[in-house]
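Structure, as structure tokens:
What follows is calculated from the coordinates using simple rules that are stated; it is not laboratory data. Since the model is a prediction, treat every value here as computed from it, not as a measurement. Counting neighbours? That spans all protein chains shown, and the Cβs are built from the backbone with ideal geometry, glycine included.
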């Protein structure tokens, strides 16, 4: 299965989670707190253990806006590293360049962050990088390319994010549009609407 490119409200309602952390999506979900489709309001039978694990896996995959192959490959890499597989997996997900661009507030969603990276608007350590899945390492500097600093979307995103709380593993200056990936986040610092243990059980079946 490739990367999901359909309506994000629809998939968020199906999964029961605001997958893009957008206030607009949240308001719509509150008005329609049930899955989409003509059968969305029907009472459903209790899902099997497999179905629960599958849904958690899908939630996390949609949350980070990844294809099934990318997601599975990254989990396989995490499972081979030392440490708790769930925590390592989340750290690798958070280290993707598109996610870092989103977390810094340069983009309003991960989809938009992916587009900014693909269009060459982002630089890592002074070099333009156009691969959204690029792995950011501790100490790397991330900045908006000089030609992209006048883009209205980027300026509006940074202005909106000024009021937000900066994450402990990132450092970003909205004036210079430049920041640093200080270190990989601890599990306690990563807030995701998913139980990663269910994801581990899904891939361990």
Query raised in the report: Per-residue ellipticity at 222 nm for the chain, helices alone: DSSP H runs ≥ 4 residues times -39500 (n - 2.57), over residue total, nearest 500 deg cm²/dmol?
Result: -12500 deg cm²/dmol
Report task. Would you compute, for the Cα atoms of the chain, the largest minus smallest coordinate along each principal axis and list the three values in descending order, in whole Å? Result -> 54, 42, 29
Query raised in the report: Among 135, 114, 161, which comes first, second and so on when ranked by fewest other beta-carbon atoms within 10 Å?
Result: 135, 161, 114
**Report entry** Order of 5, 155 - criterion: other Cβ atoms within 10 Å of each residue's Cβ, fewest first
**Finding:** 5, 155
Report task. Determine the distance separating the Cα centre of segment 99-116 from the Cα centre of segment 146-180; give it in Å without decimals. Result -> 10 Å
**Report entry** GNM flexibility winner over the chain from 93, 19, 74 (Cα, springs under 10 Å)
**Finding:** 74
Query raised in the report: Could you put 141, 176 in order, starting from the residue whose Cβ has the fewest other Cβ atoms within 10 Å?
Result: 176, 141
Requested in this report: Compute the convex hull volume of the Cα atoms of segment 96-181, divide it by the residue count, and report the result per residue in Å³ as a whole number.
Outcome: 77 Å³
